[in-house]
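Peer 1: Encoded as structure tokens, here's the structure I'll be asking about.
Please treat every number below as a calculation from the coordinates, not as lab data. Only a predicted model underlies this, so the values are computations on that prediction, with no experimental measurement involved. No Cβ is skipped: glycine too gets one built from the backbone with ideal geometry, and neighbour counts run over all protein chains shown.
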Amino acid sequence: MSERIIEILVSSFTQILIPGIKVTIPLTLASFALSFLLGMVLAIVQVANIRGLKWFARFYIWVFRGTPLLVQLFIIFFGLPRLGIILDAFPAAVLAFGMNLGAYNAEVFRSAIVAIPQGQTEAAQMIGLNYPQTLVRVVLPQAFPIAFPSLFNNLISLLKDTSLASSITVIELFTTAQQIAARTYEPFALYCEAAVIYLAFSTLLTWLQTWLEKKLVWKTKEKYLVAEEQA
Amino acid sequence: MLEVKNLHKSFGTNEVLKGIDFQIDKGEVVAIIGPSGSGKTTLLRCISFLEKVDAGEITFGELHHDMAHITQREIRRIRFDMAFVFQSFNLFRNMTALGNVMEGLVTARKVHREDARKTALEMLRKVGMEDRAMYYPDQLSGGQQQRVAIARAIAQNPQVILFDEPTSALDPELTEEVLDVMRTLAKEGTTMAVVTHEMRFAMDVASRVVFMEGGVVVEEGPSKRVFLEPKEERTRQFLRRAYDAE
Ligand SMILES: Nc1ncnc2c1ncn2[C@@H]1O[C@H](COP(=O)(O)OP(=O)(O)O)[C@@H](O)[C@H]1O
Ligand SMILES: [Mg+2]
């Protein structure tokens, strides 16, 4: 590698990393929060068998899983202004990513919820819990650890997919790399550098996942020992 | 105190309950026996509305309902005074033994946490599980789980407890600890309907026995009478086979 390239890589590193931290990560987290809530609601209306809403949820999932994310992003950012709905690039991206991933998370939650044995629900109802109480106290706390690995995989995919936001003028990690690549005529080096930063982020997330998964399981050895001591 | 009349239930084209009359008085222990597939579980599940009923009437204390046309609200009212002990325990896996027993009190009955805790510990003591209060179901043996499930049932202070083969998922050496708890409850005058294959337990503890086969009640009566002098040939055959098995 020539000295020039090394110099470019070094000087551009923080220039790419900073929008990564300031934009890519918040974009990922905000979109994920939206997709989490949306997914939860779309899953619950399906398992609770709420008539009109169940049909709506299936339709929603069908549409958002069946069309490209980039197209959804364009419809929201470039298309909606035609209907008088004008959004800044960042909220438009949050909305597009959140709504898209919401469809996937809905399926994750739904399959986790239906994996809970019916006996759990029946026992809850026999001690007098109503349906919402049964969900909140018994079903969701058991479904969440089942859903967790898939939710986290979706989060990691989302982190990488946020690079699509560069196409609707959000100045995030990848947009910055593109700009520097254009200026320096070193696309190979710059895009590889961007890739390395994404890789670093997703590796951190993977570590976080492993750590959280250990915390989540309620029947761990540690808990057993605590119980032993308290007894 | 609890009476069900002319109960009908089909699964698809399979008619499982063909007009059952069932009744239990306060303080009574009724054993429900019969071959596997005769509809015993379905009967208990219909009484507690875990299955949708096709036809039938229920009288429970002051309450009287057409079982096929009953609202969710009315069902909850009935369940308020009714407890169910499942064959597979169905303890909440995300809660400790204590949490399991407290849950109905705190969440459904809005009992103050500290009071609920006290009641729950008392119930766990009663079933000999006080020292395992902080254990999760996965850390307990089947017999222990079932005793916690019984503690959870009695904590609701129900008028009647329905038991669906409470010991048949257990290893033989664990059944006695559960049966002992049930004997204690019976002595205290708890009203219980028990589906069971434990013939000796049924004979000793039950005041009355109901023998079901093919979705009908074939014979019923005081337990000594049914066990020692069954009137029906089918009852006699069933008991002979049951004794041989024991
Ligand atoms: N959920 C169900 N769906 C379809 N058939 C069922 C269901 N539950 C029970 N049955 C059928 O009802 C009959 C009676 O079952 P059950 O009440 O479990 O009998 P028992 O408890 O006396 O062994 C059986 O033929 C069984 O296959
Ligand atoms: Mg059965």
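Peer 1: Taking amide H positions as placed in the peptide plane 1.01 Å from N, state which residues far from B:Met192 in sequence (5 or more) or on other chains have amide H under 5 Å from it.
Peer 2: B:Glu28, B:Val29, B:Val30, B:Ile161
Peer 1: Please report the net charge: other residues with Cβ closer than 14 Å to the Cβ of A:Pro19, K and R +1, D and E -1. Each step should come with its number before you reach the end.
Peer 2: Working: positive: A:Lys22; negative: A:Glu172, A:Glu193.
Once all neighbours under 14 Å are counted, the net charge is -1.
Peer 1: Related question: Please state the charge dipole magnitude for segment A:47-192, taken about the Cα centre, from unit charges on C-beta atoms (+1 on K and R, -1 on D and E), reported in debye and rounded to the nearest 20. Spell out each step's value before the answer.
Peer 2: Details: 9 positive and 6 negative charges, 82 e Å.
With Lys and Arg at +1 and Asp and Glu at -1, about 400 debye.
Peer 1: Separate question: Which whole number in µm²/s is D for the protein assembly as shown by Stokes-Einstein, with the Kirkwood Rh taken over Cα pairs at 10 °C and 1.306 mPa s? Working shown, then result.
Peer 2: Details: Rh = 26.4 Å.
It comes out at roughly 60 µm²/s.
Peer 1: On to the next question. I'd like the Karplus ³J(HN,Hα) series for segment B:94-102: coefficients 6.51, -1.76, 1.60, θ = phi - 60°, whole numbers in Hz, and an x wherever there's a Gly or Pro.
Peer 2: 8, 10, 5, 4, 4, x, 4, 6, 6
Peer 1: Summing -39500 (n - 2.57) over the DSSP H runs of n ≥ 4 in chain B and dividing by its residue number, what mean residue ellipticity at 222 nm do you reach, to the nearest 500 deg cm²/dmol?
Peer 2: Computed ellipticity for chain B at 222 nm equals -11000 deg cm²/dmol.
Peer 1: Same structure again: Please report the net charge: other residues with Cβ closer than 14 Å to the Cβ of B:Gly104, K and R +1, D and E -1.
Peer 2: Residues close to B:Gly104 contribute a combined charge of +4.
Peer 1: Relative to the compact-globule scaling 2.2 N^0.38 Å, provide the ratio for the alpha-carbon radius of gyration of chain A.
Peer 2: Here the Cα radius of gyration is 1.26 times the empirical estimate.
Peer 1: Relative contact order of chain A, please, whole-number percent, based on alpha carbon pairs below 8 angstrom and at least 6 residues apart.
Peer 2: Computed over chain A, the figure is 28 percent.
Peer 1: Mind listing which chymotrypsin sites (Phe, Trp or Tyr not before Pro) in segment A:142-214 are in a DSSP loop and have 13 or fewer other Cβ atoms within 10 Å?
Peer 2: Here the chymotrypsin sites (Phe, Trp or Tyr not before Pro) that fit, given the DSSP loop and packing criteria, are A:Tyr185.
Peer 1: Still on this structure: Going down the list A:Lys215/B:Lys110; A:Lys215/B:Lys126; B:Lys26/B:Lys187; B:Lys40/B:Lys231; B:Lys52/B:Lys231; B:Lys5/B:Lys26, which pairs span over 24 Å between their C-alpha atoms?
Peer 2: Numbers: A:Lys215/B:Lys110 30 Å; A:Lys215/B:Lys126 33 Å; B:Lys26/B:Lys187 13 Å; B:Lys40/B:Lys231 20 Å; B:Lys52/B:Lys231 33 Å; B:Lys5/B:Lys26 18 Å.
As for pairs spanning more than 24 Å Cα to Cα, those are A:Lys215/B:Lys110; A:Lys215/B:Lys126; B:Lys52/B:Lys231.
Peer 1: Of A:Leu155, B:Asn6, A:Phe97, whose Cα points farthest to the positive end of the dipole of the protein assembly as shown (charges on the beta-carbon: +1 Lys, Arg; -1 Asp, Glu; origin at the Cα centre)?
Peer 2: A:Phe97
Peer 1: Shifting gears a bit: Size of the dipole of chain B about the Cα centre, Lys and Arg at +1 and Asp and Glu at -1 on the beta carbon, nothing else charged, in debye to 20?
Peer 2: 540 debye
Peer 1: Now for a separate question. Taking the Cα centre of the protein assembly as shown as origin and charging only Cβ (+1 Lys, Arg; -1 Asp, Glu), how large is the dipole, in debye to the nearest 20?
Peer 2: 960 debye
Peer 1: While we're on this one: Among A:Ile5, A:Ile113, what is the fewest-to-most ranking by other Cβ atoms within 10 Å? Don't skip to the answer; put the middle values down first.
Peer 2: Numbers: A:Ile5 14, A:Ile113 23.
Fewest-to-most ranking of A:Ile5, A:Ile113: A:Ile5, A:Ile113.
Peer 1: Given the Cα atoms of segment B:72-199, and with Rh set as the inverse mean 1/r over their pairs in the Kirkwood sense, what is Rg to Rh to two decimals? Can you show the working numbers first?
Peer 2: Values: Rg = 13.8 Å, Rh = 14.6 Å.
Ratio of gyration radius to Kirkwood radius for segment B:72-199: 0.95.
Peer 1: While we're looking at this one, here's another question. In whole Hz, what ³J(HN,Hα) sequence does segment B:68-75 give by Karplus (6.51, -1.76, 1.60; θ = phi - 60°), x for Gly and Pro?
Peer 2: 7, 10, 10, 7, 4, 5, 5, 4
Peer 1: Would you work out the relative contact order for chain B, in percent, from Cα pairs under 8 angstrom that are 6 or more residues apart?
Peer 2: Worked out over chain B, it gives 26 percent.
Peer 1: Sticking with this structure for a sec: Going by the alpha-carbon gyration tensor, a ≥ b ≥ c the square roots of its eigenvalues, is chain B rounded (a/c under 1.5) or, if a/c is not under 1.5, prolate (a/b greater than b/c) versus oblate?
Peer 2: Oblate.
Peer 1: Now for a separate question. Leaving out same-chain residues fewer than 8 places away, which lysines sit with a Cα under 20 Å from that of A:Lys214?
Peer 2: Partners found: A:Lys223.
Peer 1: In what order do B:Glu229, B:Glu219, A:Glu3 fall by count of nearby beta-carbon atoms within 10 Å, going from fewest to most?
Peer 2: In increasing order of surrounding Cβ atoms, one gets A:Glu3, B:Glu229, B:Glu219.
Peer 1: Then there's this: Between beta-carbons, use under 11 Å as the cut-off and find the net charge around B:Ser88, counting Lys and Arg +1, Asp and Glu -1.
Peer 2: Every neighbour counted, the sum reads -3.
Peer 1: Then there's this: Filter the trypsin sites (Lys or Arg not before Pro) in segment B:42-82 to those in DSSP coil with at most 13 other Cβ atoms within 10 Å of their Cβ, and list the result.
Peer 2: Here the trypsin sites (Lys or Arg not before Pro) that fit, given the DSSP loop and packing criteria, are B:Lys52.
Peer 1: Here's another thing I want to ask about it. Of B:Gly142, B:Gly39, B:Gln159, which is farthest along the charge dipole of chain B in the positive direction, counting Lys and Arg as +1 and Asp and Glu as -1 at C-beta?
Peer 2: Positive-end residue among those listed: B:Gln159.
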